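Structure first, then comments.
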Amino acid sequence: MSHPLLTAPIGRSLLKLAGPTTAVMVVQTLVAIVETFIFGRLGTDALAGFALVFPLMMMMTMMAAGGMGGGVTAAMARAMGGRRLDDARALVLHSMLLAVAMSLLFSLFAWTVAASLFRLLGGTGAALANAETYAHVLFTGALAIWLNFFFSSLLRGGGDAATPGRYMLLSSLAQMPLSAVLALGLGDWPGFGVSGPAISMLATSLVSALLQARALWSGKLGFRPSLVGIRLQGRLFWDILRVGLIASFSAFTANLTAMMVTGLVGNFGVAALAGYGIGVRMEFMLVPLAFGIGSALTTIVGVAAGAGDWKRAVHAAWYGSLISGGAIGVLGWIVALVPEGWARLFTGESQVIAATVGYITHVAPFYFLFGIGMTLSFASQGAGRMKAPFFAGICRLAVATGGGWYAVTHLQWGLSGVFIAIAAGMITFGAIISLPLLVKPWGPKRAKLPKTGGSDEPALDDRNLEPQPR
């Protein structure tokens, strides 16, 4: 029997898979707004310190949810679409081991070179101290975050978005009041300050991870995983990594772009840095909206690719990306029309407001292309076709950072020049991902077989062969 996602209408499948995840992402967008407000209450130094850590935090989150997590979703979807149940069962253990490895890398980074990075980005004094404190707490407990997103990816890859959506929605709702209490205190208790939101994120992620693990082991995907008796296989690690590494590199370049641009903005002072932190927060808050639809596309496209139905895979990719890009574009223009009102939600300082308005008015009108590019990059994970997202990320990095440096140092455009370069990078990103798929849609790769005496028979694509019984 074929997988249900191969026969159900794409719109209905997209709604079923994207609905719960998008709801979670919308709430997490609200979490981002609330936490920015909390840091604003703690003062400009706290806000600037958080702006220093934010790109690194988002890089880890994007890698866990959409980079390596996307690789996990795509691997599970292809296994389920190809009816390889033994591989699907084994992928759970392989994913957990990768989560442990990735969390250790981020913890090590936080305790060794993160402080030097924050200094390079312009962090000094109290802002730097706040950045270090927040980073040490958050990244030391990073395993909870990685397991939370990987368990969610496994469930979504198997076609169950409702279960992780429910648990992550509840944890996100709990995170907001918990962050406020832990950061600002309650009654006579002063709270933990900048460490509070980090502790809140770790606690709620751990609870969500445990609930999703229980769902997996109860047989939600039609099988019960096991941590014993499973042979570790390089091909299963590679099935995750061949997508996850490139997707993570794309997340890395996106956040490296943000960090390098943060360094450029830092040259204009703490107020500019705080204002940029508020402005760029809007961009990163729209990433979850693209993730909601994009993660559904990873599953739909992955199942179709696993079954060799490339026409359906391409159709689904365009269908979802245009919806995502349109929604994100509308939100961008709404904020662009009232930029000062957005800035005043978080601060009353005129210089910070001016920097925020400058960022939003230059960049937000191009969120449409950003949304299409982000969503198609998730669809590419399901298809296992990551060249376009890979090059798009590199080009965006070059245009935004190189262009920003040139605009400041040679054109003397000041802070506005940095924001113009960010917008140009966003346009480049969307174009490089979407145009190749428009010109040459995905199709089966032709296997390279050795010549056997001049036979004119075409090579077979092994992805279209029936799965062999084990």
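The values are calculated or read from the model by the stated rules, or taken from the named source; none is laboratory data. Given the structure is predicted, the values throughout are model-derived calculations rather than measurements. Quick reminder, even Gly has a Cβ in these numbers, built from the backbone with ideal geometry, and neighbours come from all protein chains shown. These accessible areas exclude ligands, DNA and RNA; they are computed on the full protein's heavy atoms, side chains included. Shrake-Rupley method; radii C 1.70, N 1.55, O 1.52, S 1.80 Å.
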Let me spell it out: the conditions are (1) surrounded by fewer than 24 Cβ atoms within 10 Å (Cβ to Cβ); (2) out of contact with any Ser or Thr (no Cβ under 9 Å at 6 or more places or on another chain); (3) modelled with pLDDT under 90; (4) not aromatic (F, W, Y), and G263 meets all of them except one. Which number is the exception? (2)
Could you please find all residues in region 154-167 being under 13 Å from P20 (Cα atoms) and either of a type outside the set (A, V, I, L, M) or at pLDDT below 90 (or both)? R156, G159, D160, A161, A162, T163, P164, G165, R166, Y167
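Inspect all residues belonging to region 362-380 and state whether any of them is among the aromatic types (F, W, Y), part of a helix (DSSP H, G or I), at pLDDT 90 or above and open to solvent by less than 10 Å² (accessible area, probe 1.4 Å).
The first filter runs over region 362-380 and keeps only residues among the aromatic types (F, W, Y), leaving 366-368, 370, 378.
Cutting the leftovers down to part of a helix (DSSP H, G or I) gives us 366-368, 370, 378.
Among the residues that remain, those that are also at pLDDT 90 or above are: 366-368.
Next, only the ones that are open to solvent by less than 10 Å² (accessible area, probe 1.4 Å) stay: 367.
Looking for residues that are among the aromatic types (F, W, Y), part of a helix (DSSP H, G or I), at pLDDT 90 or above and open to solvent by less than 10 Å² (accessible area, probe 1.4 Å), one finds at least one in region 362-380, hence yes.
Enumerate the helices (runs of 4 or more DSSP H) found wholly within region 100-210, keeping only those where 1 or more residues are open to solvent by 10 Å² or more (accessible area, probe 1.4 Å), under 20 Å from G277 (Cβ atoms) and of a type in the set (K, R). Walk me through it before giving the result.
Working: elements: 114-120, 125-140, 142-157, 162-184.
Answer list for region 100-210: 114-120.
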Unique match (being at pLDDT 85 or above, β-branched (V, I, T) and under 30 Å from L184 (Cβ atoms)) among I38, I33: I38
Quick test for you: out of V303, V330, V287, V335, pick the one residue that is part of a helix (DSSP H, G or I), over 26 Å from A51 (Cβ atoms) and open to solvent by 10 Å² or more (accessible area, probe 1.4 Å). V330
Cβ-Cβ below 9 Å, separation at least six or inter-chain, first residue in region 144-172 and hydroxyl-bearing (S, T, Y), second not in a helix (DSSP H, G or I): which pairs? S152/A161; T163/K220
Test result for G269, surrounded by fewer than 18 Cβ atoms within 10 Å (Cβ to Cβ) and at pLDDT below 85: yes
Residue check for I432: part of a helix (DSSP H, G or I), surrounded by fewer than 24 Cβ atoms within 10 Å (Cβ to Cβ) and in contact with a Lys or Arg (Cβ under 9 Å, 6 or more places away or on another chain): yes
Residues that are basic (K, R) and surrounded by 19 or more Cβ atoms within 10 Å (Cβ to Cβ), drawn from region 386-411: R396
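Collect the residues in region 199-225 that are small (G, A, S) and more than 20 Å from L143 (Cα to Cα), keeping them in residue-number order. Reasoning before the result, please.
Pass one, region 199-225, residues small (G, A, S): 200, 203, 205, 208-209, 213, 215, 218-219, 222.
Those that are small (G, A, S) and more than 20 Å from L143 (Cα to Cα): S218, G219, G222.
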Looking at (1) modelled with pLDDT of 85 or more; (2) under 19 Å from G159 (Cβ atoms); (3) exposed (fewer than 13 other Cβ atoms within 10 Å of the Cβ), find the lone condition where G222 falls short. (1)
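Mind listing just one residue for me: the one in region 226-249 that is assigned to a helix (DSSP H, G or I) and either of a type in the set (D, E, K, R) or in contact with a strand residue (DSSP E or B) (Cβ under 9 Å, 6 or more places away or on another chain) (or both) and, of those, surrounded by the most Cβ atoms within 10 Å (Cβ to Cβ)?
First, the residues of region 226-249 that are assigned to a helix (DSSP H, G or I): 234-249.
Within this subset, residues satisfying the condition of being either of a type in the set (D, E, K, R) or in contact with a strand residue (DSSP E or B) (Cβ under 9 Å, 6 or more places away or on another chain) (or both) are 235, 239, 242.
Values: R235: 8, D239: 22, R242: 15.
Taking the candidates together, the pick is D239.
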Only one residue in R41, R83, R12 is of a type outside the set (S, T, Y), on the phi > 0 side of the Ramachandran plot and surrounded by fewer than 23 Cβ atoms within 10 Å (Cβ to Cβ). Which one? R83
G414 fails exactly one of the following numbered conditions: (1) open to solvent by less than 30 Å² (accessible area, probe 1.4 Å); (2) within 26 Å of G70 (Cβ to Cβ); (3) modelled with pLDDT under 90. What is the number of that condition? (2)
So, in region 70-112, how many residues would count as being of a type in the set (V, I, T) and farther than 25 Å from T21 by Cα? 1
What is the residue count in region 401-422 for residues that are in contact with a helix residue (DSSP H, G or I) (Cβ under 7 Å, 6 or more places away or on another chain) and not in a helix (DSSP H, G or I)? 2
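Evaluate the following for F223: is it outside any helix (DSSP H, G or I) and of a type in the set (F, W, Y)?
On the way: outside any helix (DSSP H, G or I): yes; of a type in the set (F, W, Y): yes.
It is true that F223 is outside any helix (DSSP H, G or I) and of a type in the set (F, W, Y).
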Being open to solvent by less than 10 Å² (accessible area, probe 1.4 Å) and more than 15 Å from the chain's Cα centre (by Cα) is the filter here; which residues of region 63-80 pass it? A75, M76, A77, A79
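Quick check on T401: is it among the polar types (S, T, N, Q), in contact (Cβ under 8 Å) with a residue 24 or more places away in the chain and under 16 Å from T262 (Cβ atoms)?
Details: among the polar types (S, T, N, Q): yes; in contact (Cβ under 8 Å) with a residue 24 or more places away in the chain: yes; under 16 Å from T262 (Cβ atoms): yes.
When the stated conditions are applied, T401 passes them.
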If you check every pair at least six apart or on different chains, which have Cβ atoms under 8 Å apart with a residue in region 245-264 that is touching a residue at least 12 places away in the same chain (Cβ under 8 Å) and within 25 Å of T409 (Cβ to Cβ) first and a residue that is open to solvent by 40 Å² or more (accessible area, probe 1.4 Å) and among the aromatic types (F, W, Y) second? L264/W405
